[in-house]
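The values are calculated or read from the model by the stated rules, or taken from the named source; none is laboratory data. Predicted model only: the values in this text are computed from it and were never measured. As a convention, Cβ positions derive from the backbone with ideal geometry for all residues, glycine included, and neighbour counts pool all protein chains shown.
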Amino acid sequence: MESRHRVTKVSTTVKSHDIQFELSGKYSIQLTEVITQKAIRGEDIYPQWKTNMNGVKNSNYKFRLHPRLVNAIINWVNNIVDVEATSNVIYDVEGYTRLTTISHDGNQVVYHANPHLQG
C-alpha cells in the first residue's frame, strides 16, 4: 500500500526585514520510483504546472525540469526522511521557477530557474 506525503515549506510572498520575496511559476511533481529512475537516466521530467492552458507545457522541452534539478530535489527529500522506513511512499513536492526580490527602496532582481521559463 502506498502512502502520500506533501513536502512544502514556502509561501508565495515572504517579507524579511527590508526585502520582499515573490515566487511564481508554480509546479508540482510526485516523486515516485519511476520519476527517480527517469532522473537517474537523464530523461526529461515534465511536472504538473499550476497554469497550463491547452496542455502546451506537457511536452514542450522548454517546460521540462532538468534531470539534475530533479536529482537535487530527490536528494533533498531523501536527506529529510528515512528512505528505508518509507519505501513505496509518494512525495508531492511543489516548486517555483521564478524568484523576485524587492528591496525597501523598490529595486527588483529577478531570478529564473531556467532560461526558457521567464514568466
ask   = Out of region 49-76, which residues are of a type in the set (Val, Ile, Thr), more than 12 Å from the chain's Cα centre (by Cα) and within 19 Å of Glu94 (Cβ to Cβ)?
value = Thr51
query = What is the residue count in region 5-30 for residues that are part of a loop (DSSP other than H, G, I, E, B), modelled with pLDDT of 60 or more and closer than 23 Å to Phe63 by Cα?
reply = 2
ask   = Has region 54-65 got any residue that is over 24 Å from Val110 (Cα atoms) and in contact with a strand residue (DSSP E or B) (Cβ under 8 Å, 6 or more places away or on another chain)?
value = no
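Within region 77-119, track down each residue that is polar (S, T, N, Q), over 18 Å from the mean Cα position of the chain (by Cα) and modelled with pLDDT of 85 or more.
Filtering region 77-119 down to residues polar (S, T, N, Q) leaves 78-79, 86-88, 97, 100-101, 103, 107-108, 114, 118.
Those still in the list that are over 18 Å from the mean Cα position of the chain (by Cα) too: 86-88, 101, 103, 107-108.
Correct list: Thr101, Ser103, Asn107, Gln108.
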